[in-house]
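These notes are about the structure you will find just below.
The values are calculated or read from the model by the stated rules, or taken from the named source; none is laboratory data. Only a predicted model underlies this, so the values are computations on that prediction, with no experimental measurement involved. Here Cβ is always computed from backbone atoms with ideal geometry, including for glycine, and neighbour counts include all displayed protein chains. Keep in mind that these areas ignore ligands, DNA and RNA; they rest on the heavy atoms of the full protein, side chains included. Shrake-Rupley method; radii C 1.70, N 1.55, O 1.52, S 1.80 Å.
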Amino acid sequence: MKRKLGILISGRGSNMQALVEGSRLPDAPYEVALVASDKPDAAGLVWATERGIPTFAQSPKGMVKADYEAAIDSALRSAGVEAIALAGYMRLLSDDFVARWRGRIVNIHPSLLPLYKGLDTHARAIAAGDAEAGCSVHVVTDELDAGDVLGQARVPILPGDTADALAQRVLSVEHSLYPRILAEFVTR
Ligand code: GRF
């Protein structure tokens, strides 16, 4: 039986697309049961709908966080979701939500954790004079970008690199890392 995955996005969802493509490989151990977003106009929702993947959108505007998260939680549970992948989901999950899904939420973060938690990771890596950058897939816990690292991919930082150029280089390795680590995660 394939494990049912829910993916949370806020934008274009290029990592979500990579996860969907990974789920369609022969012998993939997971299937995408729901793509959910806090942004009803997220481009990734259109992409998923066009491919016949169930979607759910709930804007948190005008709601208390607990009610917003209860709506997301109930959509995930109705879809039979067993594990959650965050893919460019730009909101902090409450401790309560994380506790309800303990050990079953993963995220991809665009740095070589434990370096550069939080935002502006690429600019910070360039400013520090690092020779390489990359991305990490990690388990989501109460503490931001601090759960166990399940896998990383590295790219060189090139002379004259800008944060945007580096972000593009990292993004292309995110797309191969995330489906591979997710497949390991759901079968471990
Ligand atoms: C990527 O930088 C990812 O590492 C971060 O958010 C961005 C997601 O982009 N968590 P996308 O929506 O998957 O294209």
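Quick notes on this structure:
Here is a yes/no grid of residues against (1) on the phi > 0 side of the Ramachandran plot; (2) surrounded by fewer than 17 Cβ atoms within 10 Å (Cβ to Cβ); (3) assigned to a strand (DSSP E or B):
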| residue | (1), (2), (3) |
| --- | --- |
| Asn107 | no, no, yes |
| Ser111 | no, no, no |
| Pro114 | no, yes, no |
| Ala153 | no, no, yes |
| Leu166 | no, no, no |
| Ser172 | no, yes, no |
| Ser176 | no, yes, no |
| Leu182 | no, no, no |
| Phe185 | no, no, no |
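- Candidate set from the stretch 116-139 (those that are more than 14 Å from the ligand (Cβ to nearest atom) and in a loop (DSSP other than H, G, I, E, B)); member that is most open to solvent (accessible area, probe 1.4 Å): Ala131
Condition check ((1) surrounded by 20 or more Cβ atoms within 10 Å (Cβ to Cβ); (2) of a type in the set (D, E, K, R)) across all residues:
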| position | (1), (2) |
| --- | --- |
| Ile7 | yes, no |
| Arg12 | no, yes |
| Leu25 | no, no |
| Lys39 | no, yes |
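- Residue list for the stretch 79-95, restricted to those being away from the ligand (no atom under 16 Å from the Cβ) and either open to solvent by less than 40 Å² (accessible area, probe 1.4 Å) or touching a helix residue (DSSP H, G or I) at 6+ places or on another chain (Cβ under 7 Å) (or both): Ala79, Gly80, Val81, Ala83, Ser94
- When every residue of the stretch 37-52 is checked against the conditions, none turns out to be touching a residue at least 24 places away in the same chain (Cβ under 8 Å), away from the ligand (no atom under 13 Å from the Cβ) and touching a strand residue (DSSP E or B) at 6+ places or on another chain (Cβ under 8 Å).
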